[in-house]
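Trainee: Structure incoming, see below.
Rule-based calculations on the coordinates, nothing more; no lab input. Since the model is a prediction, treat every value here as computed from it, not as a measurement. Ideal geometry is used to build each Cβ from the backbone, glycine not excepted, and the neighbour counts take in all protein chains shown.
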Amino acid sequence: MEIKIVFEDGYLLVVEKPSGVVVNRAESVKGETIQDWAERKLSILNSQFPVNEANDFISRAGIVHRLDKETSGLLIIAKDPETFKLMQTQFKEREIEKRYFTLVHGQMPSISGEIKASVGRLPWSREKFGVLPGGKEAITLYKCESLYGSLGQEKYTLLTAFPHTGRTHQIRIHLKYIGHSIVGDNLYAGRKVYRRDQKFCGRLFLHAKYIKFMHPYRKEALVLESELPQDLQDTLSSLEKIKDYD
């Protein structure tokens with residue numbers, strides 16, 4: 001598995017995760033994961049870190065956060081237990097800024113907006129999450145980039161999503177909640193919509209394109225960006241651009 005390294009120093013790696021690759025190992029996961037790659041890259045299994053200090057670091061192979069299997073984009077990996085803890089703290093304190101490119105069904109009601117709705121696991125489905133009264137607080141901001149159309153007269157909006165919290169499937173759930181599911185979403189768009197999407201978009205149109213955080217030792221802000229992958233560029237090329245938003 002070839003993984004593109006966007007940034008590397010003595011403490012951190014930031015890589016581009018391809019779509020279709022799972023981040024962490026699990027009994028239900030087949031094939032190589034980012035965790036497998038990171039263990040080899042950092043020689044974690046042969047490291048001499050004390051178990052009581054580095055157990056969480058070792059069990060996650062230094063991977064600080066997660067992306068869905070279908071989502072592509074930027075992922076932070078720490079090279080040692082102390083850096084791992086410091087980066088996790090930044091996530092817990094919501095000090096890390098993330099931005100995602102996504103293409104959704106329909107024309108958004110406004111050029112920009114905020115979606116605030118609690119998210120939790122659905123009691124009747126272990127795979128799915130949803131907006132639930134007893135869920136965890138979740139906030140997503142969005143800004144429209146371009147409006148597209150298809151021969152079938154359906155409209156699509158390319159937007160940037162800014163998640164202020166990091167709940168599982170948050171962006172997917174929030175956009176579905178306001179009636180604008182993500183193109184290629186096999187879990188939340190609905191079977192008929194997903195089958196139509198497959199004709200021009202072969203996977204979930206969600207890409208972690210931007211991340212900004214404070215380097216834990218250099219004490220300076222790092223801003224890293226990732227271009228839209230070619231398969232998602234091809235999806236946009238198959239549609240007719242109606243307009244760009246300012």
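Trainee: Test of understanding: ordering L222, L75, L13, L204 by Cβ neighbours within 10 Å, fewest first, what list do you get?
Mentor: With the fewest neighbours first, L222, L75, L13, L204 line up as L222, L13, L75, L204.
Trainee: Exposure proxy check: T157, T71 ranked by fewest other beta carbons within 10 Å?
Mentor: Lowest count first: T157, T71.
Trainee: Something else about it: For segment 97-176, which trypsin sites (Lys or Arg not before Pro) pass both filters: DSSP loop (anything but H, G, I, E, B) and at most 15 other C-beta atoms within 10 Å?
Mentor: Sites meeting the loop and neighbour criteria: R126, K128.
Trainee: Now, a different point. Under the 0.36 nm per residue contour assumption, what length would be gained going from the current alpha-carbon distance of D246 and I5 to full extension?
Mentor: Between D246 and I5, full extension yields 83.6 nm more.
Trainee: Counting other C-beta atoms within 10 Å, which of I139, I44, I111 has the fewest, and how do the rest follow? Display every interim value, and only then the final one.
Mentor: Working: I139 16, I44 20, I111 13.
Fewest-to-most ranking of I139, I44, I111: I111, I139, I44.
Trainee: Continuing with this model, one more query. Please sort by residue number the GluC sites (Glu not before Pro) in segment 195-246 whose DSSP state is loop and whose Cβ has at most 13 other Cβ atoms within 10 Å.
Mentor: Here the GluC sites (Glu not before Pro) that fit, given the DSSP loop and packing criteria, are E220, E227.
Trainee: Check E145: other-chain or 5+ apart residues with amide H under 5 Å from its amide H, H built from backbone geometry?
Mentor: L158, L159, T160
Trainee: Within segment 1-93, how many Lys pairs sit with Cα atoms under 16 Å apart, leaving out pairs fewer than 8 places apart on the same chain?
Mentor: Here the count comes out as 6.
Trainee: Y245: net charge of surrounding residues, Cβ under 14 Å, Lys/Arg +1, Asp/Glu -1, itself excluded?
Mentor: Counting the neighbours of Y245, the net charge comes to +1.
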